Amino acid sequence: MISTLLIVVVILAIAFDYINGFHDAANSIATVVSTKVLTPFMAVLWAALFNFAAYFYFTDHKVANTIAKTVLEEYITLEVIFAGLVAAISWNLFTWYYGIPSSSSHTLIGSFAGSGMAYAWISGANPFLAVNQNAILKTVSFIVLAPILGMFISVIITLIIMNLAKRARPAVAEKWFKICQLISSAALSFAHGGNDAQKVMGIIATALIAQNVIQDFEQMPNWVPLSCYIAIAAGTMSGGWKIVKTMGTKITKVTPLEGVAAETAGAVTLGVTEHFGIPASTTHTITGSIIGVGVVKRVSAVRWGVTISLLWAWILTIPVSAVLGGLSLAVIHYIL
């Protein structure tokens, strides 16, 4: 029996996916816009196309499975999922409004975990036993590892490109780098879609299991991934210009060469984390990659004050989202 709350949860989950798209659009298009390879309008269309194209490739849904297991099954109810989504959407809109490139992935995970822990506490259980600590630890570790990996790969790619192109005429090299940046931007958008759309799939599948619509994750109906990819692509088309400015200009000035290196490094990093089912942050990954190309020029080329501010946003996202998720669950529990 499908309840009204289940329908509301599914709608909220798809809404979060849409918000994720425009919140994280900057990850895919910031460098390609700042280097003037594409206009903002064409850039969001380009990114949205490859966001959706990932639907046809990423069929293992390992990241979705990891998200679904964030909270242990005995502490999952539709109210827990509903509270987590309300908190996640609230924090995402807040950070988008103020142009803070926080992680939508970590927002969702933190909110879901926080609401599950609050439910356990209200039920008289130890709240820390309500979450899958291995999944949380894996996610938290990549707050550090994802940007470092992105930075390391972008440094290597930048040095390789600079070595290969050192004898090329600047005008010719610039032309080719702009063409290559279309490819690297597409690759990053493709990886972003494949990674981020899966997180909402995991939430919807969890809701369907909680309501006994399906018995396990493997029975997730086809409309779930399709609707998630459509939603994130539509969100990307809406853009996220405040965060584009932060990502594309405030960390370091990015040239087409550096845009190719940063986007390629981001795509490779996200591909690796998706392969291992790790819900890494696209925001953290591309930020680390942009820092990497800046460091190759010189350490002072990176605006470290901006970077430190971003780091604080990253550190605070999961705990703040968890508190919001817990508060949302408490309010919903006592109202319903």
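Loop-located trypsin sites (Lys or Arg not before Pro) in region 32-108 (DSSP state other than H, G, I, E, B) with a sparse environment of at most 10 neighbouring Cβ atoms within 10 Å: K36. Think of a 1.4 Å ball rolled over the protein heavy atoms: the chain then has 42 Å² of accessible area per residue. When the Cα atoms of region 66-222 are aligned to their principal axes, the ranges along those axes come out at 69, 32, 31 Å in descending order.
Provide the net charge surrounding L108, with neighbours chosen by a C-beta distance below 13 Å and charges set as Lys +1, Arg +1, Asp -1, Glu -1. Charge balance near L108 sits at -2. Our compactness index for region 73-140, the C-alpha radius of gyration over the empirical 2.2 N^0.38 Å, is 1.16.
How big is the dipole moment of the chain about its Cα centre under a simple scheme where the beta carbon of each Lys and Arg is +1, that of each Asp and Glu is -1, and everything else is neutral? Debye, nearest 20, please.
Numbers: 17 positive and 13 negative charges, 345 e Å.
The dipole magnitude comes to about 1660 debye.
Entry note, the chain: the mean residue ellipticity at 222 nm calculated from DSSP H runs of n ≥ 4, each adding -39500 (n - 2.57), is -25500 deg cm²/dmol after division by the residues and rounding to the nearest 500.
For region 84-170, the list of trypsin sites (Lys or Arg not before Pro) that fall in a loop by DSSP and count at most 10 other C-beta atoms within 10 angstrom reads K166, R167.
Given axes a ≥ b ≥ c from the Cα gyration tensor, I'd like to know whether region 174-213 is rounded (a/c under 1.5), prolate (a/b larger than b/c) or oblate. Intermediate results must be reported in sequence, preceding the final value.
Details: a/c = 10.17, a/b = 8.04, b/c = 1.26.
Here region 174-213 falls in the prolate category.
With the simple model of a label 7 Å out from the Cα in the direction of the Cβ, S238 to E73 spans 3.5 nm. Measuring nothing but protein heavy atoms, the accessible surface of the chain at 1.4 Å probe radius is 71 percent carbon and sulfur.
Want the number for V272 to T59: 0.36 nm per residue separation, take away the alpha-carbon distance, what's left?
Details: separation 213, 0.36 × 213 = 76.68 nm, distance 1.51 nm.
Gain on extension, V272 to T59, equals 75.2 nm.
Across all Cα atoms of the chain, the radius of gyration (one decimal) and Dmax (whole number) stand at 19.7, 70 Å. Counting only heavy atoms of the protein chains and using a 1.4 Å probe, W91 has close to 50 Å² of accessible surface. T4 to F152: FRET efficiency via 1/(1 + (r/R0)^6), r the Cβ-Cβ distance, R0 56 Å, to the nearest 0.05? Efficiency computed from Cβ-Cβ geometry: 0.70.
With only Cα atoms counted, region 1-128 has Rg and Dmax values of 17.2, 57 Å. For V131, the amide hydrogen comes within under 5 Å of the amide hydrogens of L72, counting only partners 5 or more places away or on other chains and with H modelled in the peptide plane.
The calculated FRET efficiency for the pair I214 and E174, based on their C-beta separation and a Förster distance of 45 Å, comes to about 0.30. Ranking T158, L188, F217 by how far each Cα lies toward the positive end of the dipole of the chain (charges on Cβ) leaves T158 at the top.
The values are calculated or read from the model by the stated rules, or taken from the named source; none is laboratory data. Just so we're clear, the structure is a prediction, and the values are computed from it rather than from any experiment. Cβ coordinates were reconstructed from backbone atoms using ideal geometry, including for glycine residues, and neighbour counts include every protein chain displayed. Accessible surface areas use protein heavy atoms only, side chains included; no ligands, DNA or RNA. Shrake-Rupley method; radii C 1.70, N 1.55, O 1.52, S 1.80 Å.
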